[in-house]
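*Asks:* I'd like to ask you about the structure that follows.
Just so you know, all these numbers are worked out from the coordinates, no wet-lab data involved. Owing to the predicted nature of the structure, the values given are computational and were not obtained by experimental measurement. Cβ: placed from backbone, ideal geometry, glycine included. Neighbour counts: every protein chain shown.
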Amino acid sequence: MTQRWLSDLRGEIDTLNLDILRLLQRRAEVVLEIAAIKRRENLDSYEPSREEEMLRTLAAAPSGPFGADEIREIFRAIFHASLDIQNRERTRAMRTRQRGLVPPGGIRVRDVAVGAGQPVLFVGPCSVETPQQMDTIAAAIAALPGAKIFRAGAYKPRTNPYSFQGLREDGLQLLRATARRYGLPTVTEVLDTSTLDVVAEHADMLQVGARNMYNTELLKALGKVDKPVLLKRGFMATLDELLLSAEYILSNGNDAVVLCERGIRTFEPWTRNTLDLSAVALLKKETALPVIVDLSHALGRRDIMLPCARAALAVGADGLMLEVHDRPEHALSDGFQQLDLDEFSALVTGLGLAGATAPHPTAIRGPR
Ligand code: PRE
Ligand code: MN
């Protein structure tokens, strides 16, 4: 007899569970409607004062077996789950998450397509130093097979204020003049909004350095520039933070963004940073944006460049950044990690990179 009552009561609970679930799902639909309004109006998902108010009302409502503490606990769980679905929708709606964002032709930097299937080398010295240095390095780069973009810093964000700070505008001019002689597109770092115009005037692609990944004013301004952007991950930045930084550029009108993993700071001193290759695989999975790996700054050493370069390409990197100098021991910055021209040539041979391809007709460039 007891058995029978128990199963009847459990049957009633089963029905009540489904009723509660139906109500919860209806509630969740309303929550998503609220969420859509909040997104449009740029309001936060989480609203503690609203939650407090509801908890107060519910705890004071006509009582049953559940006391105020249990009621608060149950509804806190509902609010928490409601926030989760709001945030899931927010993530889905991000531009960086849209599948069709980058066309099959990738992102075009002059005649080089990044993210179109052919790995691209972003290669050159850490800093622009002299006409002779730039010419020697550009000639060596241009002579090797594969798709290449000439990199060199004119504005240098150095840790130590007494270190070489870059040739600034003279450096930009020298970079451009040298690159044009050898038919190479250029990428160089832009440090702030005040120098953005001059850098954009001279360079084919604008690099946001790891230190500047959180510079939201610079990111917004880059959204309005008609040049592709290379966005480096900060050395303490999570992937969510990197994608939100990219979102600043995209949501302000420029979809031509390439992400760059450059190592994160860990306890390990054998490398300058710790190369996070799982980040590359995850970014390739979660976004349509091309992803490259800066091996020089990640490793800070030359002896393990080739196996790490192979690994980066194996996990799906669309390109590699490498610092190369004709006389690394005399370089004005990052000499210890720059490959000399023979090492660079051996690395390219070791990677077996094929010849350059023409950009795909559907490649994008600049703002939408
Ligand atoms: C809701 C969800 C999260 C907020 O922190 C507060 C309330 C809820 O589940 O009731 C809905 C909502 O987003 C809101 O009312 O603003
Ligand atoms: Mn450097």
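*Asks:* Could you tell me the relative contact order of segment 100-351? Use alpha-carbon pairs under 8 Å, at least six residues apart, and round to a whole percent.
*Replies:* Relative contact order, segment 100-351: 19 percent.
*Asks:* Follow-up. Can you pull the three principal axis extents for the Cα set of segment 1-148, in Å, largest first?
*Replies:* Principal-axis extents of segment 1-148 (Cα, largest first): 94, 39, 24 Å.
*Asks:* Would you give the gap between the C-alpha center of segment 83-158 and the C-alpha center of segment 257-332, rounded to a whole Å?
*Replies:* So the two Cα centres are separated by 12 Å.
*Asks:* For segment 100-351, go through all pairs of different Cα atoms, get the mean of 1/r, take its inverse, and jot down that Kirkwood value in Å.
*Replies:* 17.7
*Asks:* While we're looking at this one, here's another question. State the extension gain, in nm to one decimal, for the chain segment bounded by Asp342 and Gln173, taking 0.36 nm per residue of separation less the distance between their alpha-carbons.
*Replies:* Roughly 58.1 nm would be gained on extension.
*Asks:* Another question about this same structure. Taking the Cα centre of the chain as origin, sum charge times position over the Cβ atoms of Lys and Arg (+1) and Asp and Glu (-1), and report the length of that vector in debye to the nearest 20.
*Replies:* Result for the chain is approximately 680 debye, rounded to the nearest 20.
*Asks:* Any idea what angle helix 239-251 forms with the longest principal axis of the chain, computed on alpha-carbon atoms, 0 to 90 degrees, nearest 10?
*Replies:* Around 80 degrees separate the two axes.
*Asks:* Further question on the same structure: Hey, what angle do you get for helix 277-286 against the long axis of the chain, alpha-carbon based, 0 to 90 degrees rounded to 10?
*Replies:* 60
*Asks:* May I ask which of Lys224/Lys285; Lys148/Lys227; Lys232/Lys285; Lys156/Lys220; Lys156/Lys227 have a Cα-Cα span longer than 24 Å here?
*Replies:* Lys224/Lys285
*Asks:* Could you please report the charge total around Pro157, scoring K, R as +1 and D, E as -1 over all other residues with beta-carbon less than 9 angstrom from its beta-carbon?
*Replies:* Computed value for this residue: +2.
*Asks:* Oh, and also: Only sites in a loop by DSSP and with at most 14 other Cβ atoms within 10 Å count here; which chymotrypsin sites (Phe, Trp or Tyr not before Pro) in segment 1-69 make the cut?
*Replies:* Listed in order of number, the matching sites are Tyr46, Phe66.
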